[in-house]
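The values are calculated or read from the model by the stated rules, or taken from the named source; none is laboratory data. Being a predicted model, the structure only gives us computed values, none of them experimental. Note that each Cβ is placed from the backbone with ideal geometry, even for glycine, and that neighbours are counted across all protein chains shown.
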Number of protein chains: 2
Amino acid sequence: MFTKTRLFTPGPTMIPEEVRFELAKETIHHRKDDFKKIFGSLSKKLKELFGTKNDVLVLTSSGTGAMQAAVSNLFSPKEKVLVIVGGKFGERWKEISYRFGLDVIELSVEWGKAVEVDKVKEVLDKHKDIKGVLIQASETSTGVLHPIKDIGKVLKDKDVLLIVDGISAIGISPCPMDKWNIDCLVGGGQKGFMIPPGLSMISLSDKAWEKAKSIKKRDFYFDLLGEREKQKNLQTLFTPAIALIRALNKALDILLKNGLEEVYRKHWALTCMVREGITRIGLEPMVKENYTWGLTSVLMPKGVNGQDILNELKNRYNIVFAGGQGKLKGKIIRIGHMGNVDWIDLMGAIFALKDVIQDYVKLDVCADFMEKAIFAYKMALKIDSTTLLSLV
Amino acid sequence: MFTKTRLFTPGPTMIPEEVRFELAKETIHHRKDDFKKIFGSLSKKLKELFGTKNDVLVLTSSGTGAMQAAVSNLFSPKEKVLVIVGGKFGERWKEISYRFGLDVIELSVEWGKAVEVDKVKEVLDKHKDIKGVLIQASETSTGVLHPIKDIGKVLKDKDVLLIVDGISAIGISPCPMDKWNIDCLVGGGQKGFMIPPGLSMISLSDKAWEKAKSIKKRDFYFDLLGEREKQKNLQTLFTPAIALIRALNKALDILLKNGLEEVYRKHWALTCMVREGITRIGLEPMVKENYTWGLTSVLMPKGVNGQDILNELKNRYNIVFAGGQGKLKGKIIRIGHMGNVDWIDLMGAIFALKDVIQDYVKLDVCADFMEKAIFAYKMALKIDSTTLLSLV
């Protein structure tokens with residue numbers, strides 16, 4: 001059927017043409033004025049995306065590098081932290097915390113569910129010496145949004161830092177750092193930012209910077225205080241990923257062209273479209289409430305292995321979804337619709353999924369499922385600003 | 001004079017067109033077969049460049065990240081290491097070692113000179129508990145090649161690891177890891193490899209892997225044992241810089257087209273050309289022997305500030321050289337001719353340098369300096385293989 005390749009994975013995401021052309025440019029030098037100009041322009045846009053008045057530092061690493069930067073720059077060995085674990089990336093916070101010798105209290109959450117704020121309060125009441133809460137804004141392995149805003153309210157007047165992995169939230173759904181009392185927000189380039197992987201970002205609140213100053217043994221490569229000094233002067237501690245930085249600057253121009261709210265609006269509406277679409281073809285979204293924008297996890301019907309579906313979608317239609325991770329392997333498939341995806345791409349995704357799964361199991365398909373999905377998209381676009389921003 | 005921009009910096013270096021086009025491609029997913037195919041192909045070529053039968057691991061970071069990986073994966077706090085410090089990057093080994101709590105013995109070398117092997121022996125005899133020697137193959141801040149081969153011979157039967165920063169040597173001048181008894185060799189993408197910064201590489205000898213297994217507290221992001229397990233299966237621990245990996249694979253195809261020896265030959269000949277050229281225009285190379293291939297440091301005549309020369313070269317001719325670092329700031333300029341540079345580019349560099357410096361100071365310029373420089377290049381190309389490979 002001569003289908004173009006389409007990547008519907010929750011990172012990396014498809015890259016706009018202008019951004020790819022930016023990557024193709026001859027390199028410039030990172031200690032010269034033309035780099036400084038780009039880095040300065042990028043810096044302003046990142047603040048808008050992070051919703052902060054503080055600096056957003058850019059690191060040359062995967063998102064995990066910035067997660068390590070958060071843990072190693074903000075806590076000393078033996079300090080107690082609460083880690084919310086409801087998926088693979090919660091587990092990553094836990095692993096990093098262990099590796100740096102922290103005293104980890106784990107709050108397990110059923111995979112596919114958001115953490116309950118009361119449970120967080122309970123643990124904090126029980127362990128008065130907790131110095132930080134580590135959590136995902138969006139847990140990418142399941143597609144759940146944790147209630148960051150509400151946890152931020154709980155922690156506001158406490159001597160506890162709120163450390164948020166926003167890698168699959170920033171630039172997709174609202175996660176305003178300052179407004180929500182987030183003390184450390186981590187981002188990655190290959191999700192909402194629409195560039196290939198290799199850059200991460202991190203921003204700290206004033207409270208977090210104070211804490212960082214008290215840490216005796218800092219990471220060398222991920223040295224946030226050192227990096228802040230350098231980046232103030234539009235330089236980096238070490239040679240940065242120049243091409244990716246230029247690409248990011250261009251990508252954010254595209255992203256912010258109509259304002260950040262329109263980015264959220266698009267992703268909200270696409271999320272509504274996919275959920276409607278998969279429901280109308282007789283499938284079930286795994287996450288019923290507090291679901292991630294930009295990513296929809298779909299439960300596989302009994303007897304259907306998600307991996308077979310992924311392979312068949314690739315072979316038949318050049319469509320790439322992601323599978324379940326860890327204990328969800330084979331049991332769900334994950335449709336990424338973050339970054340540079342539009343509703344027509346998603347028409348293909350929904351049709352292809354129906355077409356392939358029908359070969360494995362009888363589905364209860366609604367005759368006008370596609371009309372319904374597109375209608376859901378159109379309706380969702382009409383949401384008013386206040387409601388949109390209060391959805392998360 | 002309508003001059004194109006030319007970057008003569010010792011990293012980043014100019015990127016071949018085919019490599020830049022590779023960067024401009026739509027992204028692929030790092031857990032799928034098309035990525036594995038590329039990564040497997042890259043892996044073989046990296047072994048050739050590193051001169052090793054062992055795996056060369058690819059990390060998403062600057063070269064400094066791989067330096068941190070070496071220190072943090074091979075030594076425990078309080079272990080004694082000898083660091084050779086003859087420039088800014090020697091100092092970096094020292095800083096990283098301090099940061100990870102190692103007991104650092106420093107062997108200072110005059111900036112612009114190579115370390116003497118006898119001095120290394122002396123220190124090793126005095127401190128029998130030294131567990132590693134940390135050194136640069138090429139010290140980029142001055143343009144000196146340290147005698148890695150000879151140090152390798154000294155350490156061969158000792159219980160001491162030889163850790164070499166080969167960032168501005170690999171793919172430029174010979175640095176065969178296995179033949180020279182190097183236990184850990186570190187590389188970076190933005191020098192001889194001809195890609196934009198953001199990727200580093202590291203390879204360990206069997207002896208080094210044994211040592212790595214004994215380390216209790218490993219870095220998380222730079223976890224070499226974990227990374228080795230993953231990369232055996234053509235995967236990475238964390239989302240890698242996919243675009244840069246594809247670019248590197250393409251760049252190495254170009255680099256190795258006529259064999260690695262021809263790469264060395266070109267860089268040797270260009271080095272001869274630049275040294276001849278600057279001498280014939282009446283300037284003096286800072287490093288008289290054991291000089292780096294691919295980088296020539298030029299002493300500024302009395303009363304001339306290197307920074308002024310750099311600015312004027314940029315303004316007048318769009319030519320970008322690097323300045324001196326640390327205590328050499330203003331006193332030297334550094335002409336990078338590593339990576340994708342040819343002799344015609346360098347004709348421009350030599351002419352422009354003469355033209356600009358003459359406005360600041362009277363130079364004793366040889367009338368046919370350009371002829372002489374080109375002749376030096378041509379002659380150097382004729383060097384026989386055995387001599388070429390024994391120059392370092």
Q: Output the residue which, of all residues in the range A:1-39 that are of a type in the set (A, V, I, L, M, F, W, C), at the interface with chain B (Cβ under 7 Å from one of its Cβ atoms) and more than 25 Å from A:Trp293 (Cα to Cα), is nearest to the chain's Cα centre (by Cα).
A: A:Leu23
Q) Is the range A:338-354 home to any residue that is under 23 Å from A:Ala251 (Cβ atoms), outside the structural domain of A:Ala169 (by TED's automatic domain parsing), at pLDDT 95 or above and charged (D, E, K, R)? A) yes
**Q.** Subset of the range B:193-218 (residues that are of a type outside the set (Ser, Thr, Tyr), under 23 Å from B:Met14 (Cβ atoms) and within 14 Å of chain A (Cβ to nearest Cβ))
**A.** B:Phe193, B:Met194, B:Ile195, B:Pro196, B:Pro197, B:Gly198, B:Leu199
Q: For the range A:146-179, enumerate the residues that are surrounded by fewer than 24 Cβ atoms within 10 Å (Cβ to Cβ), in contact with a strand residue (DSSP E or B) (Cβ under 9 Å, 6 or more places away or on another chain) and within 28 Å of A:Asn258 (Cβ to Cβ).
A: A:Gly152
Q. Are any residues in the range A:323-343 surrounded by 22 or more Cβ atoms within 10 Å (Cβ to Cβ) and assigned to a strand (DSSP E or B), and if so, which ones?
A. A:Ile332, A:Ile333, A:Arg334, A:Ile335, A:Gly336
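Is it the case that some residue within the range B:348-359 is in a loop (DSSP other than H, G, I, E, B), farther than 28 Å from B:Glu262 by Cα and not β-branched (Val, Ile, Thr)? Spell out how you get there, then give the answer.
Our first condition is that a residue be in a loop (DSSP other than H, G, I, E, B); within the range B:348-359, this holds for B:358-359.
Now restrict to residues that are farther than 28 Å from B:Glu262 by Cα: B:358-359.
Subsequent filtering for residues that are not β-branched (Val, Ile, Thr) retains B:358-359.
Yes, because at least one residue in the range B:348-359 is in a loop (DSSP other than H, G, I, E, B), farther than 28 Å from B:Glu262 by Cα and not β-branched (Val, Ile, Thr).
Please work out if B:Asp150 is farther than 13 Å from B:Phe75 by Cβ and either free of Cβ contacts under 8 Å to residues at least 12 places away in the same chain or aromatic (Phe, Trp, Tyr) (or both). Break it down into steps so the answer makes sense when it comes.
Numbers: farther than 13 Å from B:Phe75 by Cβ: yes; either free of Cβ contacts under 8 Å to residues at least 12 places away in the same chain or aromatic (Phe, Trp, Tyr) (or both): no.
Here the answer is no, as B:Asp150 does not meet what is asked.
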Q. Quick one: what pairs do we get from the range A:18-34, first residue hydroxyl-bearing (Ser, Thr, Tyr), second surrounded by fewer than 24 Cβ atoms within 10 Å (Cβ to Cβ), C-beta under 8 Å, 6+ apart or different chains?
A. A:Thr27/A:Ile242; A:Thr27/B:Met14
Q: For the range A:16-59, enumerate the residues that are buried (at least 20 other Cβ atoms within 10 Å of the Cβ), aliphatic (A, V, I, L, M) and over 30 Å from A:Trp180 (Cα atoms).
A: A:Val19, A:Leu23, A:Ile28
Q | Residue under evaluation A:Leu255, criteria (1) closer than 30 Å to B:Ala247 by Cα; (2) without any contact (Cβ under 8 Å) to a residue 60 or more places away in the chain; (3) buried (at least 18 other Cβ atoms within 10 Å of the Cβ), criterion not met | A | (2)
Q) Here is a list of conditions, (1) within 14 Å of another protein chain (Cβ to nearest Cβ); (2) surrounded by fewer than 21 Cβ atoms within 10 Å (Cβ to Cβ); (3) touching a Leu at 6+ places or on another chain (Cβ under 9 Å), and B:Gly187 meets all of them except one; can you say which number that is? A) (2)
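Identify, from the list A:Pro240, A:Pro301, the residue that is surrounded by fewer than 19 Cβ atoms within 10 Å (Cβ to Cβ), at pLDDT 95 or above and in contact with a strand residue (DSSP E or B) (Cβ under 9 Å, 6 or more places away or on another chain). First the steps, then the outcome.
Working: A:Pro240 fails: surrounded by fewer than 19 Cβ atoms within 10 Å (Cβ to Cβ).
Among A:Pro240, A:Pro301, only A:Pro301 is surrounded by fewer than 19 Cβ atoms within 10 Å (Cβ to Cβ), at pLDDT 95 or above and in contact with a strand residue (DSSP E or B) (Cβ under 9 Å, 6 or more places away or on another chain).
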Q.
Go through the range A:224-250 and report how many residues are closer than 18 Å to A:Ile202 by Cβ and either outside any loop (DSSP other than H, G, I, E, B) or not polar (S, T, N, Q) (or both).
A. 18
Q. Going through the range B:57-77 one residue at a time, which ones are within 15 Å of B:Leu225 (Cβ to Cβ) and outside any helix (DSSP H, G or I)?
A. B:Leu57, B:Leu59, B:Phe75, B:Ser76
Q: Would you mind finding the one in A:Lys250, A:Lys230, A:Lys216 that is at pLDDT below 95 and surrounded by fewer than 24 Cβ atoms within 10 Å (Cβ to Cβ)?
A: A:Lys216
**Q.** Sole exception among (1) surrounded by fewer than 21 Cβ atoms within 10 Å (Cβ to Cβ); (2) among the β-branched types (Val, Ile, Thr); (3) within 13 Å of chain A (Cβ to nearest Cβ) for B:Val71, by number
**A.** (1)
